[in-house]
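The values are calculated or read from the model by the stated rules, or taken from the named source; none is laboratory data. These figures come from a predicted structure and were not determined experimentally. Methodologically, a virtual Cβ is constructed for each residue, glycine included, from the backbone with ideal geometry; neighbour enumeration extends over all protein chains shown.
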Amino acid sequence: MRRRLIVGNWKMHKTAAQAAVLVRRLAALAPKNPRAEVVLAPPFTALHVASQRAWRRFALAAQNMYWEDEGRFTGEVSAPMLNALGCRYVILGHSERRKYFSETDAEINRKILAALRHGLRPILCVGESLSERSRGLTATVVIRQLLRGLAGVPQESGRAVTIAYEPIWAIGKNHPASPAQATEAHATLRAALVKKWGRAASERIRILYGGSVTADNAGGFLASPQVDGVLVGGACLDPKSFARIIAAAQSPGE
Ligand code: PGA
């Protein structure tokens with residue numbers, strides 16, 4: 001059985017001092033022995049303070065990284081730098097990176113390969129726009145993003161990879177996909193992984209749902225055996241809400 005994963009993507013929110021407060025409040029409210037692995041993804045500038053406050057209760061993720069290890073790349077951050085801060089995960093290919101920073105599948109792929117080379121676990125985000133969905137292109141789009149993002153990743157590294165299905169139309173909108181829509185997309189992604197790496201290797205890979213997840217709807221997603229966890233944006237900034245989402249993952253599941 002895959003251990004569930006609950007990820008809080010803070011996006012561009014919270015100074016280092018505010019991050020310390022948020023992590024402390026969350027530690028006080030969240031279940032002490034969660035069945036799920038809980039991962040916090042603060043901005044780069046708060047990773048250090050978050051790692052000091054996480055007390056092994058929460059793992060850390062970065063929200064992005066560059067594929068080179070070091071060099072003349074002003075403004076970029078590398079996998080060895082994230083490792084040194086104690087990051088276990090890195091979110092890659094988020095739709096906001098694709099949209100506002102023009103990230104391509106090829107660039108995301110280079111980042112994924114670099115993350116794996118350094119022992120960081122990539123969380124690859126895929127998802128269709130509303131117009132793609134309405135034209136019946138959901139499966140085509142998410143499979144393309146999946147396969148291009150994972151190009152050249154050997155089967156034995158697959159277990160370190162997590163996929164997040166994040167339909168663009170559901171992000172930050174108070175308009176989540178339905179659990180049935182998520183289940184359908186997850187099954188599509190799982191089938192593509194089975195085709196790529198075989199059943200045994202693919203069964204180890206977690207597929208998360210993200211897009212307007214709240215304390216009230218998280219349980220509905222987590223009730224689907226196809227949904228191995230959630231990637232939470234807005235609701236993770238409120239420690240009470242995020243603690244309730246972590247608690248929602250306490251039920252046995254699959
Ligand atoms: P949201 O963001 O929960 O605010 O919709 C999710 C995400 O973008 O990861």
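See the values below:
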| read-out | value |
| --- | --- |
| Segment 96-129, subset part of a loop (DSSP other than H, G, I, E, B) and within 16 Å of the ligand (Cβ to nearest atom), residue nearest to the chain's Cα centre (by Cα) | Gly127 |
| Scan of segment 46-72 for residues that are over 17 Å from the mean Cα position of the chain (by Cα), in a loop (DSSP other than H, G, I, E, B) and at pLDDT 95 or above, ordered by number | Trp67, Glu68, Asp69, Glu70, Gly71, Arg72 |
| Sole residue being surrounded by fewer than 18 Cβ atoms within 10 Å (Cβ to Cβ) and modelled with pLDDT of 95 or more, chosen from Pro43, Pro80 | Pro80 |
| For Ala164: the one exception among (1) surrounded by fewer than 15 Cβ atoms within 10 Å (Cβ to Cβ); (2) in contact with a Gly (Cβ under 7 Å, 6 or more places away or on another chain) | (1) |
| Enumerated helices (runs of 4 or more DSSP H) restricted to segment 155-254, each holding at least 3 residues that are within 18 Å of Leu5 (Cα to Cα) and in contact (Cβ under 8 Å) with a residue 60 or more places away in the chain | 239-248 |
| Unmet requirement for Leu124, which otherwise passes all of (1) over 13 Å from Val227 (Cα atoms); (2) surrounded by fewer than 17 Cβ atoms within 10 Å (Cβ to Cβ) | (2) |
| Any hit, segment 170-179, residues being of a type in the set (Ser, Thr, Tyr), under 26 Å from Lys99 (Cβ atoms), away from the ligand (no atom under 13 Å from the Cβ) and surrounded by fewer than 19 Cβ atoms within 10 Å (Cβ to Cβ) | yes |
| Qualifying residue in segment 84-106 (condition: surrounded by fewer than 18 Cβ atoms within 10 Å (Cβ to Cβ), farther than 27 Å from Tyr165 by Cβ and free of Cβ contacts under 8 Å to residues at least 24 places away in the same chain) | yes |
| Scope segment 29-68; condition touching a residue at least 40 places away in the same chain (Cβ under 8 Å) and over 19 Å from Val232 (Cα atoms); matching residues | Met65, Tyr66, Trp67, Glu68 |
| Hits in segment 218-237 - residues which are within 11 Å of the ligand (Cβ to nearest atom) and out of contact with any helix residue (DSSP H, G or I) (no Cβ under 8 Å at 6 or more places or on another chain) | Leu231, Gly233, Gly234 |
